[in-house]
Amino acid sequence: GSGLKIIGSGTAIADQSLTNQDLSNIVETSDEWIQSRTGMRQRYICSANENLASLGVKAGQKALAMAGLQPDDLDLIILATSTPDDLFGSAAQIQGGLGATRAFAFDVTAACSGFVVGLNVAAQFLRTGVYQRVLLVGGDVLSRWVDWSDRTTCVLFGDGAGAVVLQRQAQDNLLAFEMYTDGSGNGCLNLPYQAVPQPLTAGKTVAQGTYQPITMNGREVYRFAVAKVPEIIEKVLFKAELTTADLDWVILHQANQRIMDAVGDRLAIPLEKMISNVGNYGNTSAASIPLALDQAVREGKIKEGDLIALAGFGAGLTWAASVVRW
Ligand code: ACO
């Protein structure tokens, strides 16, 4: 057999906390509204002293330390992000920052599904034996792309990065995965480039514009998540010949406590098995699952041999799930 195992995890948090009280000084909102609709109390956002790559490097260093590996043990670095410091990709900046000289590095863009998609992509290289050790980083700096005058979105997001080290081994601890896209729902959640035609030369224009802040149909996204996430978890468990009763932990993308509660409810998974840290970090997009995972590992909740379902969902629309044994 040929498979893989997660052998280390680490995180990096942005340098400024932003409380609900702080937000109520920016837009017309309240701690009561935000907590009751989302479960969030605070989130962290980057000042100009941090960026995606600096967070990714720190998270990667911690994951390597837990794994007992050096940067040059890595064969591959996958960065799941939708907010690179450089549109040409930021994985190379993390590779350089870590000094992971042997590793090839590339970005994967799948918004809030990015970490789970990255895990499933990494698994292909490990299962085939092409690579032995992969660093997967999930990170986003959505604070750059939020309209800070739009109360319907600016209260939801925070910045951060989380990382895991994956190692090839005989036994496969990635028991199953499932991934879906529904492009017909693309308009629900966007960070769009808006082209502005500029005259270039006789009869020719160039479309140079700017990225526009995040737009979201919150109710549509909510409905999508509560319908599709329970379904994909059932599908991935079926594929692994398991049931919800076999799971020790469920880690969903930390979009909103109400979404997590509704999914747990539909699957009849006890609340104490649903790992949540959305209260502290808000929705950190591709970082949210590794942040919750690393915290649960370091708190001693997740133990060797535990069975964990991971599910990401978001813009695309995309949704993805994996079942892993720790
Ligand atoms: N403070 C105070 N009032 C607000 C705020 C705010 N921050 N935001 C919206 N409101 C108001 C609205 O203007 C509206 O007022 P109105 O009735 O006078 O028009 C009222 O509150 C209710 O608004 P709704 O949008 O219906 O509120 P809802 O209960 O649906 O909660 C929320 C909104 C939290 C966004 C919810 O729809 C949700 O969680 N959706 C999923 C969003 C999500 O998770 N997105 C990210 C997932 S994918 C990814 O991570 C990229």
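Laboratory data are not the source of any read-out in this text; all were calculated from the coordinates shown. Note that the coordinates shown come from a computational prediction; the quantities given were computed from them, not determined experimentally. Ideal geometry is used to build each Cβ from the backbone, glycine not excepted, and the neighbour counts take in all protein chains shown.
Key figures for this structure:
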item: Loop-resident sites, segment 45-150, for chymotrypsin sites (Phe, Trp or Tyr not before Pro), counting at most 11 other Cβ within 10 Å (DSSP); result: Phe88
item: Under the span-like rule (Cα at least 27 Å along the axis, Kyte-Doolittle mean at least 0.0), DSSP H helices of the chain; result: 218-239
item: Ranked Val324, Val27, criterion: other C-beta atoms within 10 Å, fewest first; result: Val27, Val324
item: Linear extension gain, Ala202 paired with Leu87, 0.36 nm per residue minus alpha-carbon span; result: 38.4 nm
item: Dipole moment magnitude, nearest 20 debye, the chain about Cα centre, only Lys, Arg, Asp, Glu C-beta charged; result: 360
item: Label-zone membership for segment 174-198, site Lys235, 7 angstrom Cα→C-beta point, backbone N under 17 Å; result: 175-186
item: Highest to lowest packing among 307-315, 183-191, 290-298, scored as the average C-beta count within 10 Å; result: 307-315, 290-298, 183-191
item: Dipole magnitude of segment 1-143, debye to nearest 20 (Cβ charges: Lys/Arg +1, Asp/Glu -1, about Cα centre); result: 580
item: Karplus-derived 3J(HN,Hα), 6.51/-1.76/1.60, for each residue of segment 313-326, Hz, glycine and proline x; result: 7, x, 3, x, 5, 9, 8, 8, 9, 9, 10, 10, 9, 6
item: Label-to-label distance, nm, for residues given as Ser36 and Ser184 (7 Å Cα→Cβ offset); result: 3.6
item: Theoretical FRET efficiency, 1/(1+(r/R0)^6), r = Cβ-Cβ of Gln70 and Arg298, R0 22 Å, to 0.05; result: 0.55
item: Relative contact order %, the chain, counting alpha carbon pairs below 8 Å whose residues are six or more apart; result: 25
item: Virtual paramagnetic centre 7 Å along Cα→Cβ of Gln171, amide N under 15 Å, in segment 214-247; result: none
item: Candidates Thr215, Thr128, Thr38: whichever shows maximal mean-square fluctuation once the chain is modelled as a Gaussian network with Cα springs under 10 Å; result: Thr128
item: Linear extension gain, Gln61 paired with Ser149, 0.36 nm per residue minus alpha-carbon span; result: 28.1 nm
